[in-house]
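Some notes on the structure that comes next.
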There are 2 protein chains.
Amino acid sequence: MNESQALAAFSALTDPTRLAILRHLVTKGAEGASAGEIGVAVTATPSRAAFHLSTLKQAGLLTSEKVSRNVIYRVDFARMGALVAYLVEDCCAGDARVKSCCAGLFG
Amino acid sequence: MNESQALAAFSALTDPTRLAILRHLVTKGAEGASAGEIGVAVTATPSRAAFHLSTLKQAGLLTSEKVSRNVIYRVDFARMGALVAYLVEDCCAGDARVKSCCAGLFG
DNA sequence: TTCACGTTTCAACAACTCTTGATATATTGA
DNA sequence: TCAATATATCAAGAGTTGTTGAAACGTGAA
């Protein structure tokens with residue numbers, strides 16, 4: 001992940017609707033969810049859902065696949081992990097004080 | 001860290017000048033740096049540096065302390081760590097696929 | 001006091017973001 | 001074919017963000 005990818009990813013995380021979409025999709029895992037279902041889950045109109053899904057996808061955080069009438073969105077888990085790594089390694093230079101705050105989450 | 005704090009933090013990370021400030025201050029550690037020195041380091045005019053420093057501070061990512069004529073800024077390392085934890089735990093529900101991408105960073 | 005220094009604040013402006021409602025495109029089933 | 005469904009796109013509007021240069025504020029030194 002380079003800086004402009006990270007900037008796009010952080011920008012994508014600055015909206016509560018998009019955070020809600022991300023949370024919903026994380027729980028769906030590899031199954032993913034259709035645009036319509038996501039819109040209902042986060043109480044967004046179709047065009048609003050499409051706008052935010054497009055933003056998340058542009059940022060590389062989601063993938064999409066057309067399945068008959070529907071478009072299935074999924075979290076790109078590797079990209080999310082890479083973003084966490086970028087935040088720790090590049091933004092914080094792997095600082096031990098930062099790591100110590102969240103080392104407990106990792107095995 | 002709650003959602004609105006996380007949103008503010010992510011917003012603060014969406015600008016290359018602010019990322020540069022953060023990187024500079026991380027390397028300075030507990031010593032920190034003055035607003036003027038930071039402005040020079042990231043090639044920003046005084047008012048531009050003040051604007052971005054204020055944004056980062058409002059987001060909780062920096063602390064500031066007035067020392068005679070200068071204002072010393074420092075990274076809030078605990079807050080940065082909490083942001084990483086929020087990203088992994090709250091945004092990604094602690095998903096194993098995300099963790100596995102960056103588990104190597106932690107010991 | 002007077003001056004210079006470091007920093008912040010302000011107003012103006014351009015650029016961007018989000019929302020809304022309407023419309024367009026594609027796909028399926030009757 | 002026609003109608004219904006799922007999604008994306010568009011234009012317009014309100015609100016927000018980042019930049020600039022000027023001005024103001026506090027502090028320390030002469």
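Quick look at the values:
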| quantity | calculated |
| --- | --- |
| Answer residue from segment A:56-71, given it is more than 7 Å from DNA strand D (Cβ to nearest atom) and more than 18 Å from A:T14 (Cα to Cα) and is surrounded by the most Cβ atoms within 10 Å (Cβ to Cβ) among those | A:T63 |
| Test: A:D90 is at the interface with another protein chain (Cβ under 9 Å from one of its Cβ atoms), open to solvent by 20 Å² or more (accessible area, probe 1.4 Å) and acidic (D, E) | yes |
| Subset of segment B:16-36 [open to solvent by 40 Å² or more (accessible area, probe 1.4 Å), closer than 14 Å to A:A6 by Cα and touching a residue at least 24 places away in the same chain (Cβ under 8 Å)] | none |
| Residue satisfying condition, being within 10 Å of chain B (Cβ to nearest Cβ), buried (at least 18 other Cβ atoms within 10 Å of the Cβ) and within 12 Å of DNA strand C (Cβ to nearest atom), within set A:L83, A:L53, A:L13 | A:L13 |
| Matching residues, segment A:16-39, being within 14 Å of DNA strand C (Cβ to nearest atom) and of a type in the set (A, V, I, L, M, F, W, C) | A:L19, A:A20, A:I21, A:L22, A:A35, A:I38 |
| Search result, residues across segment B:56-80 that are more than 12 Å from chain A (Cβ to nearest Cβ) and aliphatic (A, V, I, L, M) | B:L62, B:V67, B:V71, B:I72 |
| Selection from segment A:37-46 of residues that are in a helix (DSSP H, G or I), surrounded by 17 or more Cβ atoms within 10 Å (Cβ to Cβ) and among the aliphatic types (A, V, I, L, M) | A:I38, A:A41 |
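The values are calculated or read from the model by the stated rules, or taken from the named source; none is laboratory data. Only a predicted model underlies this, so the values are computations on that prediction, with no experimental measurement involved. Cβ: placed from backbone, ideal geometry, glycine included. Neighbour counts: every protein chain shown. Note: areas computed on protein heavy atoms with side chains; ligands, DNA, RNA excluded. Shrake-Rupley method; radii C 1.70, N 1.55, O 1.52, S 1.80 Å.
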